[in-house]
Amino acid sequence: MADNLPSEFDVVVIGTGLPESIVAAACARSGQRVLHVDSRNYYGGNWASFSFSGLLSWIKENQQKTDINEECEDWKKLILDNEEAIPLSKRDKTIQHVEDFCFDDQDLAEDVEEAGALSKLPVFGASGAEGVARELEKVCPPAESVLAEAESQEPEEAVGSEPASAVEGNDPEITAEKQSSHNSALGDSAPELGKPEATPSESSAQEPKKITYSQIVREGRRFNIDLVSKLLYSRGLLIDLLIKSNVSRYAEFKNATRILAFREGKVEQVPCSRADVFNSRQLTMVEKRMLMKFLTFCLDYEQHPDEYQDYENSTFAQFLRTRKLTPSLQHFILHSIAMVSETDSSTLEGLQATKKFLQCLGRYGNTPFLFPLYGQGEIPQCFCRMCAVFGGIYCLRHSVQCLVVDKESGRCKAVVDHFGQRISANYFIVEDSYLSESTCKNVYYRQISRAVLITDQSVLNTDSEQQISILTVPPVDVGKPAVCVIELCSSTMTCMKDTYLVHLTCPSTKTAREDLEPVVQKLFDLNTGKGTENEELEKPRVLWAVYFNMRDSSGVEKNSYDGLPSNVFICSGPDSALGNDCAVKQAETIFQEMFPAEDFCPAAPNPEDIIYDEDEIAPEESGVSNSPETKPESSAEESSTGGDTTVKKEDNEE
């Protein structure tokens with residue numbers, strides 16, 4: 001495979017997380033030759049999504065923490081006398097304290113196989129992609145025969161658009177999880193594939209029944225579980241970039257339907273739009289007027305500095321107490337609208353956060369947030385597809401041994417991969433987790449505490465079961481961070497029918513379990529026995545849970561890293577914020593430093609606008625396409641007619 005790689009590129013990108021994928025797409029779109037590699041066997045890094053079985057494998061890998069055997073270091077012979085090498089890390093150390101728990105009988109699931117699971121993919125032959133497509137056809141229900149037919153006609157596209165322009169032999173790198181995530185670009189057909197009703201157990205699903213661990217294992221491909229939990233602000237930087245670049249055609253989104261609050265031991269819905277406020281039964285008429293008056297002020301608070309400048313050195317919570325708001329309104333605004341810290345956020349930070357929330361209302365729905373179908377892990381893949389469309393080359397399971405630095409100029413001139421191939425480039429983008437301990441010895445990292453739960457019902461039951469909810473649970477102890485809870489239903493294509501996928505996130509103070517388990521105990525029933533008290537029965541039952549700490553490398557200055565050349569740029573992993581602004585800002589900053597005269601991610605042409613020369617069409621007859629953009633673009637066009645929220649350019653022009 002190394003022999004198939006060109007030895008010279010303009011940009012080499014190491015890691016397929018969101019910032020790296022955006023940079024790769026921007027570079028390829030501007031005409032640069034891009035090589036995008038990842039030592040993992042899946043896209044996204046710590047931004048990835050997994051099926052249930054894929055997540056179990058990820059958990060096992062991170063719990064074992066086995067030392068990787070040192071490979072042959074013959075690559076050192078490739079370093080010349082006037083060069084020096086900066087070794088890269090061979091082990092990902094960004095995940096710690098992984099603990100998983102099953103609250104059902106695991107023994108019953110020992111012999112249960114995942115429905116539609118493919119055989120392991122590492123050793124596919126030349127027809128590996130076709131094999132994946134055939135296996136996928138077998139598990140498609142009859143109602144989805146149209147989608148199965150489309151996949152059988154285009155077997156290479158069935159395993160994802162990204163490797164379309166990858167070097168020959170990279171298709172086997174696509175994991176089973178990619179089969180599901182690819183379908184987010186298939187428009188009307190995508191919800192069909194994700195509908196749990198299409199399972200063989202349809203008839204029995206009509207009756208309420210207890211969900212078992214065996215069922216979760218069997219329906220594991222219905223899950224798309226994110227390592228990082230985020231939502232997209234409808235007027236945030238990521239949505240703007242998706243629209244500007246036309247990458248939005250590769251994904252579909254659903255509106256977050258509810259903003260919840262946890263107050264006095266109960267979960268309740270927060271009215272945030274004008275209609276919600278006046279239809280709310282939990283607020284008195286006086287409270288409704290108070291709330292609307294304050295929210296109206298927040299929308300143009302800059303025009304009224306006299307109302308807040310005396311409190312600029314105070315916290316936002318202290319400022320709210322001066323606004324003649326009732327305690328319940330203060331709670332709603334602080335924790336569910338502004339979603340800022342009660343002790344650490346200043347008045348200006350709170351006003352800015354409240355204004356951002358209000359400005360995002362109404363663009364796509366009654367809340368400010370969107371969630372991508374099939375999970376957050378779809379977004380990095382969307383930008384990888386754009387990069388591939390414009391000629392980027394992708395290689396998974398392809399590790400890089402070192403950066404090669406010219407001693408005289410101090411610039412990085414090449415990388416050496418695990419095959420011993422030397423690949424030259426002008427610029428190098430490296431995700432933080434690939435840096436060695438010696439390079440990061442002066443870097444201080446924060447940590448994020450994460451938990452993922454599979455539950456049997458919502459934290460707040462209503463007439464509609466299909467709710468996407470966001471809940472902020474205030475800290476019990478002063479100085480501790482609040483916990484952000486995002487609850488996803490099966491229509492998001494992230495979990496099986498009759499279950500909910502719950503993500504909990506907060507900045508770490510201890511291990512993830514110590515930080516988050518108290519909140520889990522407040523909201524959910526962790527009892528494994530059948531008999532519980534009545535009040536416990538009202539709580540959703542946790543079927544399975546995992547806790548882990550993830551490194552937060554955002555905000556680390558480049559000069560904190562030891563001995564990095566000026567043409568090597570570092571991308572951070574996920575941060576603890578709810579949105580994705582940090583990743584987008586970082587990607588744009590890096591791109592502008594490399595190519596200040598180029599536009600950042602201009603819109604890709606629509607398929608109908610592409611004009612082909614006769615000599616470009618001819619190679620397709622031989623069965624090998626030299627124009628990878630045609631397939632992803634066509635599937636993207638189908639997605640623009642999907643029944644779910646489609647982020648379009650017209651929305652930006654309103």
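A few points about this structure:
- Compared with the rule-of-thumb size 2.2 N^0.38 Å for a compact globular protein, the stretch 347-483 has a Cα radius of gyration ratio of 1.59.
- Projected label distance in nm at Asp581 and Gln359, using a 7 Å step from Cα toward the beta-carbon: 0.8 nm
- On a per residue basis, the stretch 1-66 carries 30 Å² of accessible surface, using protein heavy atoms and a 1.4 Å probe.
- Using the Cβ-Cβ distance between Leu299 and Lys210 with R0 set to 35 Å, the FRET efficiency works out to roughly 0.15.
- Filter on Lys266/Lys539; Lys244/Lys558; Lys93/Lys441; Lys77/Lys413; Lys288/Lys324; Lys558/Lys585 - keep pairs with C-alpha separation over 19 Å: Lys244/Lys558
- Remark: the stretch 256-388 projects, on average over all directions, an area of 10.4 nm² (convex hull of Cα atoms).
- In the context of the full set of protein chains, residues of the stretch 496-595 present 40 Å² of accessible surface per residue (probe radius 1.4 Å, heavy atoms only).
- A straight line joining the Cα centroids of the stretch 1-48 and the stretch 308-352 runs 43 Å.
- Solvent exposure of Val400, expressed as accessible area, is near 20 Å², computed with a probe of 1.4 Å over the protein chains only.
- Net lengthening on full extension, Ala275/Lys93 (0.36 nm per residue, minus Cα-Cα): 60.8 nm
- Stretched out straight at 0.36 nm per residue, the stretch from Asp74 to Arg321 would grow longer than its current Cα-Cα span by 82.2 nm.
- Extension gain, Asn82 to Phe101: 0.36 nm times the residue separation minus the Cα-Cα distance gives 1.5 nm.
- What the stretch 340-392 shows is 25 Å² of accessible area per residue, with the surface traced by a 1.4 Å probe over protein heavy atoms.
- Rounded FRET efficiency, nearest 0.05, which uses the C-beta distance separating Met292 from Asn559 and R0 of 35 Å: 0.15
- His398 exposes around 10 Å² of accessible area when a 1.4 Å probe is run over every protein chain in place.
- Split the accessible area of the stretch 484-585 by element, probe 1.4 Å, and carbon with sulfur accounts for 44%.
The values are calculated or read from the model by the stated rules, or taken from the named source; none is laboratory data. This is a predicted model, so every value here is computed, not measured. Glycine also receives a Cβ, built like all others from the backbone with ideal geometry; neighbour counts cover every protein chain displayed. Surface accessibility is based on the protein's heavy atoms, side chains included, excluding ligands, DNA and RNA. Shrake-Rupley method; radii C 1.70, N 1.55, O 1.52, S 1.80 Å.
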